[in-house]
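Q: Following this message is one structure expressed as structure tokens.
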Amino acid sequence: MLHEVTDADTAVAVGSGDVPVLATPRLIAWMEAATVRAAAPFTAQGRTTVGTGIRVEHLRPTRVGGRVDVVAEPPATATGRRLTFRVRAVDGSGDLVARGEIDRVVVDRRRFLAESPGPASGH
């Protein structure tokens with residue numbers, strides 16, 4: 001998934017720092033989105049995946065206007081419901097921006113939503 005860094009993607013904009021470069025939280029969100037796509041072959045009708053763990057190293061800055069290609073490699077085989085994806089991000093110069101792993105778990109969509117707490121009642 002190719003992304004171009006905009007002002008809205010910077011550490012300043014998302015509140016994770018005070019420099020106008022790609023924010024780590026935004027980069028992780030892009031990586032998670034890539035894992036959602038890569039997880040599709042592991043889910044059947046009525047099932048989805050949810051994120052459960054993130055281990056990412058953000059290695060170098062990317063300025064506004066820079067491009068970042070994010071790749072998620074699915075596991076070769078799935079054992080049980082847990083899937084661990086190797087993720088990486090590379091900039092337009094071919095330099096490694098970030099690398100790591102993201103865990104997702106396959107769940108029944110309806111059951112997961114039924115068990116999820118709703119908004120606070122304000123009591």
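We did not get these values from a lab; they are worked out from the coordinates using the rules stated. For clarity, every value in this text was computed on a predicted model and none was experimentally measured.
Q: The chain: Rg/Rh from Cα coordinates, Kirkwood Rh? Provide the component values of the computation, followed by the final result.
A: Details: Rg = 16.4 Å, Rh = 15.7 Å.
Looking at the chain, the ratio lands at 1.05.
Q: Oh, and also: Just the Cα atoms of the stretch 68-113, one point each, no solvent: what log10 I(q)/I(0) does Debye give at q = 0.18, 0.20, 0.22 Å⁻¹?
A: Those come out to -0.64, -0.71, -0.77, one per q.
Q: Show me, for the stretch 32-39, the HN-Hα J-couplings you get by feeding each phi into the Karplus relation (A = 6.51, B = -1.76, C = 1.60, θ = phi - 60°), rounded to Hz, glycine and proline as x.
A: Karplus values, whole Hz, x for Gly and Pro: 4, 4, 5, 6, 4, 4, 5, 7.
Q: State whether the stretch 21-84 is rounded, prolate or oblate according to the following rule on the C-alpha gyration tensor (a ≥ b ≥ c being the square roots of its eigenvalues): a/c under 1.5 gives rounded; otherwise a/b larger than b/c gives prolate, and the remaining case gives oblate. Please list the in-between numbers first.
A: Working: a/c = 2.63, a/b = 2.30, b/c = 1.14.
Note, shape of the stretch 21-84 comes out prolate.
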